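These notes concern the structure reproduced below.
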Amino acid sequence: MKRKHVARTVSYRADLDAIETYVAQDNPRAAAELWLLIDEQIDQLADPNFPRRKGRVPGTKELVAHENYIVILLEDANTVTVLNVVHARQQWPR
């Protein structure tokens, strides 16, 4: 099976950085580990067999990257575009 190109958007990077900043207020090490945990899974989306689910917004898919964080993405035959990271309790779509 063909591996896909994974593209991270500016909004994804901003969301991930904001999460890290928030968590770092209480625990800088946990914040860095969470950032890595989420972002390393993004690379794995190049494998079409890496788990993701149908998104709540039509045309999107979601990756449950952590019990508290969901990554929103678009996917076509060649590319996975990573759009946002949202907290699992956050109302999505906004």
Inset, instruction - Output the strands (runs of 3 or more DSSP E) that fall wholly within the chain and possess 1 or more residues being over 12 Å from the mean Cα position of the chain (by Cα), or say none. - result: 5-8, 69-75, 79-87
Legend entry - Hits in the range 53-84 (condition: touching a Ser or Thr at 6+ places or on another chain (Cβ under 7 Å) and under 19 Å from L37 (Cα atoms)): I72, L73, T81, V82, L83, N84
Legend entry - Evaluation of R89 against (1) under 19 Å from H5 (Cα atoms); (2) exposed (fewer than 14 other Cβ atoms within 10 Å of the Cβ); (3) not small (G, A, S) (one fails), failing number: (1)
Legend entry - Filtered residue count, the range 69-94, keeping only those that are under 17 Å from A14 (Cα atoms), polar (S, T, N, Q) and without any contact (Cβ under 8 Å) to a residue 60 or more places away in the chain: 1
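Is there a residue in the range 29-36 that is of a type outside the set (F, W, Y) and in contact with a strand residue (DSSP E or B) (Cβ under 8 Å, 6 or more places away or on another chain)?
Taking the range 29-36 as the starting set, the residues that turn out to be of a type outside the set (F, W, Y) are 29-34, 36.
In the following step, the residues that additionally are in contact with a strand residue (DSSP E or B) (Cβ under 8 Å, 6 or more places away or on another chain) were identified as 34.
Yes: the range 29-36 contains one or more residues that are of a type outside the set (F, W, Y) and in contact with a strand residue (DSSP E or B) (Cβ under 8 Å, 6 or more places away or on another chain).
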Inset, instruction - Starting from residues that are in contact with a helix residue (DSSP H, G or I) (Cβ under 9 Å, 6 or more places away or on another chain) and touching a residue at least 24 places away in the same chain (Cβ under 8 Å), keep the ones in the range 46-68 and report whichever is farthest from V10 (Cα to Cα). - result: H66
Legend entry - Test set (1) farther than 15 Å from V6 by Cα; (2) crowded, with 19+ Cβ neighbours inside 10 Å - K54 fails condition number: (2)
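Restricting attention to the range 56-64, does a residue exist that is of a type in the set (G, A, S) and on the phi < 0 side of the Ramachandran plot?
no
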Inset, instruction - Enumerate the pairs (first residue in the range 18-36 and closer than 15 Å to H87 by Cβ and touching a residue at least 60 places away in the same chain (Cβ under 8 Å); second residue anywhere and β-branched (V, I, T) and not in a loop (DSSP other than H, G, I, E, B)) with beta-carbon separation below 9 Å, excluding pairs fewer than 6 apart on the same chain, so at least 6 apart or on different chains. - result: I19/I38; I19/V85
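Please specify each residue of the range 1-43 satisfying the condition of being among the polar types (S, T, N, Q), within 26 Å of D76 (Cβ to Cβ) and loosely packed, with under 14 Cβ neighbours inside 10 Å.
Of all residues in the range 1-43, those among the polar types (S, T, N, Q) come to 9, 11, 21, 25, 27, 41.
Next cut, within 26 Å of D76 (Cβ to Cβ) only: 9, 11, 41.
Residue satisfying the conditions is S11 alone.
Computed from the coordinates by the stated procedures, all read-outs in this text should not be read as laboratory data. All of these numbers come straight from a predicted model, not from anything done at the bench. Every residue, glycine among them, receives a Cβ derived from its backbone with ideal geometry; neighbour counts consider all protein chains shown.
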